[in-house]
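So the structure is just underneath, and the comments pick up after that.
The values are calculated or read from the model by the stated rules, or taken from the named source; none is laboratory data. Computed from a prediction, not measured in an experiment: that's the story for all the values here. Every residue, glycine among them, receives a Cβ derived from its backbone with ideal geometry; neighbour counts consider all protein chains shown. SASA here: full protein model, heavy atoms, side chains in, ligands and nucleic acids out. Shrake-Rupley method; radii C 1.70, N 1.55, O 1.52, S 1.80 Å.
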Amino acid sequence: MIAAWHVDVAIIGGGTAGCSAALALRKRGLTVALFERRTVGSQASGVNYGGVRQQGRHPAELPLSRRSREIWPRLPDIVGDDCEFAATGHLKLARNDAQMADLEAFAAVAAEHGLEIRMMGANALADAYPGMVSGVVGGSLCPSDGQANPRLVAPAFARAAARAGAEIHEHEAVTGVARDAAGFRLETDRGGRFTAGSLINVAGAWSDRVAKWFGERAPIQVMAPNMLVSEPVPYRLPVNIGVCGAGLYVRQIPRGNLIFGGGKGWADRERIVARPMADVSCSASARLAETLPWAADATVIRSWSGIEGYFEDEIPVIGPSTTTPGLVHAFGFSGHGFQLGPAIGEIVTELVVDGRTSTPIDAFSISRFQRAGHRAA
Ligand SMILES: Cc1cc2nc3c(=O)[nH]c(=O)nc-3n(C[C@H](O)[C@H](O)[C@H](O)COP(=O)(O)OP(=O)(O)OC[C@H]3O[C@@H](n4cnc5c(N)ncnc54)[C@H](O)[C@@H]3O)c2cc1C
């Protein structure tokens, strides 16, 4: 019989959530092994839009999002790389009065959480961003929101975790886990045998399968946001923009490329492939030209998509398993988990080490899907 390698905590998934957890756990002195089927940050964490946004979140997510926002500017100290984070602000644009009223209502909720949102009418927008946007009646600006380069973040956390002593197993999928009195017994597709005192399920759009090994239901829906990037054009857009109800979000990086998205691509999580759709890309380009007429001639040079797990209520599962002591879940970020990633590592670490976290997470319990009558996945 081959002896299993033992660690205090095993992590399934090398996205931003898993890699930040590996670092946070090492900081608390635990031994850690992270398993990633491909390379760290190769799925949603590495191919997303790069929005670091608190504005527009479900109110239950605001404390978590606020906590994560405090970490982003400290990345150079924490992981040795700023990951191109910039607090450019996020401007949500309204195309009619009803949308403006929705933005105002959110600003009031945000204020309760200490999040500053500035309402801007059409004149204020024209003064602040002359000739920039068209077809809108106003908007709301969250100055502390921003953007970052998604390709850099999970690998930077993984490198920092490895320097701190975490084992990062890339190209090694966990194929099964059993729980007995000794803890968790993991098997991998490379023939690895590991035991762990605790297990963290941060396997992204595949996390429901891990939950199922422990008898828990999580009705994930797989979706693939459709993304595009243009050739570099003269830099004009200092702020990250989202347009209410138009399925358009756009940011410009200092090199000049416009990164934008809207609508859904296509994904097959069995084969781990995601593709943009030509008609969706054309619609997003047309909406970009309507909203930012100065960008209408920018040529799209690449389009892509990625695989993300969504829940119907658009908030994640974060918290302890309801069936299995020592198992902690964090997944189903429903299209907005990149911003949350740095805080997820700290929170799951607190749950493993202290059995509690200072950030309110009750709304995210997986128990909401175990209740009688909840629709099957
Ligand atoms: C196109 C797109 C645009 C987005 N835009 C934004 C945005 O602008 N802002 C924002 O905040 N969020 C955005 N999101 C959402 C965000 O990217 C995700 O919520 C977040 O990255 C999820 O991180 P994660 O670590 O939980 O999951 P992932 O990054 O998916 O990582 C999970 C990892 O687990 C691995 N894995 C799964 N099963 C196993 C197994 N059995 N063994 C080993 N490894 C396994 C996978 O290979 C994967 O790498 C976007 C998502 C997409 C797809």
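List of remarks:
- In the context of the full protein assembly, D180 retains an accessible surface of approximately 60 Å², using a probe radius of 1.4 Å and ignoring ligands and nucleic acids.
- The chain, relative contact order [Cα under 8 Å, separation at least 6], %: 23
- Using a probe of 1.4 Å, the accessible surface attributed to V273 totals some 40 Å² when neighbouring protein chains are kept in position.
- Estimated 222 nm signal from helices in the chain, with DSSP H stretches of n ≥ 4 weighted -39500 (n - 2.57), rounded to 500: -8000 deg cm²/dmol
- Candidates P150, P63, P342: whichever shows maximal mean-square fluctuation once the chain is modelled as a Gaussian network with Cα springs under 10 Å: P63
- Gyration tensor over the Cα atoms of the chain: the corresponding equivalent ellipsoid has semi-axes (square roots of 5 times the eigenvalues, largest first) of 37, 21, 19 Å.
- With all protein chains modelled, accessible area of W294 [1.4 Å, Å²]: 60
- Segments 284-293, 106-115 sorted - mean Cβ within 10 Å per residue, highest first: 284-293, 106-115
- Surrounding net charge for S367, when Lys and Arg each add one and Asp and Glu each subtract one, Cβ distance under 14 Å: 0
- Highest-fluctuation residue, M132, M100, M223 considered, GNM on the chain with Cα pairs under 10 Å: M132
- Charge context of Q54, other residues only, Cβ under 9 angstrom, K/R +1, D/E -1: +2
- Taking every DSSP bridge with both residues inside the chain, close to 70 percent are antiparallel.
- Charge tally for H6 (other residues, Cβ to Cβ under 15 Å; Lys, Arg +1; Asp, Glu -1): -1.
- GNM flexibility winner over the chain from G146, G309, G326 (Cα, springs under 10 Å): G326
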